[in-house]
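To keep things clear, I will list the structure first and then write my remarks on it.
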């Protein structure tokens with residue numbers, strides 16, 4: 001900047017000298033005129049260069065500002081998306097918590113029901129024992145002595161807990177039905193679901209025993225082909241492919257129109273590839 005000022009002072013001084021010389025009646029030399037012209041041209045070029053640099057810097061700042069505004073807009077979108085996700089997460093957690101509370105409430109109610117059922121069963125056994133010991137003819141009539149829930153109630157409670165993943169509690173309801181109401185039409189289904197509950201508990205060997213029991217004791221029920229199919233899958237998991245194919249062949253022969261038959265055919269095809 002200082003050099004520019006000195007240069008301009010020099011140009012002005014020369015210009016003043018020229019004017020003074022002319023006014024004094026003197027004619028400037030060609031060298032002085034050329035010096036003034038060169039200085040003026042250099043000064044103009046410098047000014048143009050400065051202007052171009054400023055324009056270039058302004059354009060760069062405009063581009064940077066535009067990029068910054070775009071980044072701020074994207075940041076705002078991300079913040080809004082995060083807010084929406086947090087709101088959805090809170091709503092989902094609240095819903096899951098309410099559902100969990102409902103399940104605990106139902107589980108507590110069922111546990112209370114089972115406790116009362118077990119107490120009533122013990123009372124029934126005690127009454128039968130006393131009446132049998134006394135030889136009372138009333139020993140055969142105990143239906144009014146206890147207040148046990150019916151098989152439909154026990155089956156419904158067990159099925160609900162099974163669907164909720166409370167396998168042990170569900171199995172207790174089904175076992176109570178099988179013990180208290182051995183002649184109920186719900187017995188085959190209850191026996192089958194005992195096997196399902198055991199499988200859910202990870203006790204697959206016992207579950208397979210129950211499924212085979214369903215097939216042997218209740219071969220004409222809808223639960224028999226389902227139990228036979230589960231027995232076949234158990235054998236596959238154990239590596240007994242021959243036994244699994246035998247079970248599948250029996251299922252397709254004895255229950256060709258059952259709901260389990262299409263699954264059995266598909267399994268048979270995959271095993272024989």
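The values are calculated or read from the model by the stated rules, or taken from the named source; none is laboratory data. The model shown is predicted, which means the values in this text are computed figures rather than measured ones. Positions of Cβ are generated from backbone atoms using ideal geometry, with glycine treated the same way; all protein chains shown enter the neighbour counts.
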**Fill in**
Per the filter on segment 262-273, residues in contact with a helix residue (DSSP H, G or I) (Cβ under 8 Å, 6 or more places away or on another chain), assigned to a helix (DSSP H, G or I) and surrounded by fewer than 18 Cβ atoms within 10 Å (Cβ to Cβ) are 263, 265, 268, 271
**Complete:** Counting only residues in segment 215-234 that are over 32 Å from the mean Cα position of the chain (by Cα) and more than 15 Å from residue 259 (Cβ to Cβ), the one surrounded by the most Cβ atoms within 10 Å (Cβ to Cβ) is identified as 215
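Please determine whether any residue of segment 243-259 is closer than 27 Å to residue 100 by Cβ and either more than 30 Å from the chain's Cα centre (by Cα) or modelled with pLDDT under 95 (or both). Outline the logic, then answer.
Taking segment 243-259 as the starting set, the residues that turn out to be closer than 27 Å to residue 100 by Cβ are none.
No, the conditions are met nowhere in segment 243-259.
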**Total residues in segment 235-247, condition closer than 22 Å to residue 198 by Cβ and either loosely packed, with under 14 Cβ neighbours inside 10 Å or touching a helix residue (DSSP H, G or I) at 6+ places or on another chain (Cβ under 6 Å) (or both)** = 8
**Complete:** residue 165: passes all of (1) assigned to a loop (DSSP other than H, G, I, E, B); (2) buried (at least 19 other Cβ atoms within 10 Å of the Cβ) but (2)
**Request:** Say whether the condition of being within 17 Å of residue 172 (Cα to Cα), free of Cβ contacts under 8 Å to residues at least 12 places away in the same chain, assigned by TED's automatic domain parsing to the domain that holds residue 170 and touching a helix residue (DSSP H, G or I) at 6+ places or on another chain (Cβ under 7 Å) is met by at least one residue in segment 192-214.
**Result:** yes
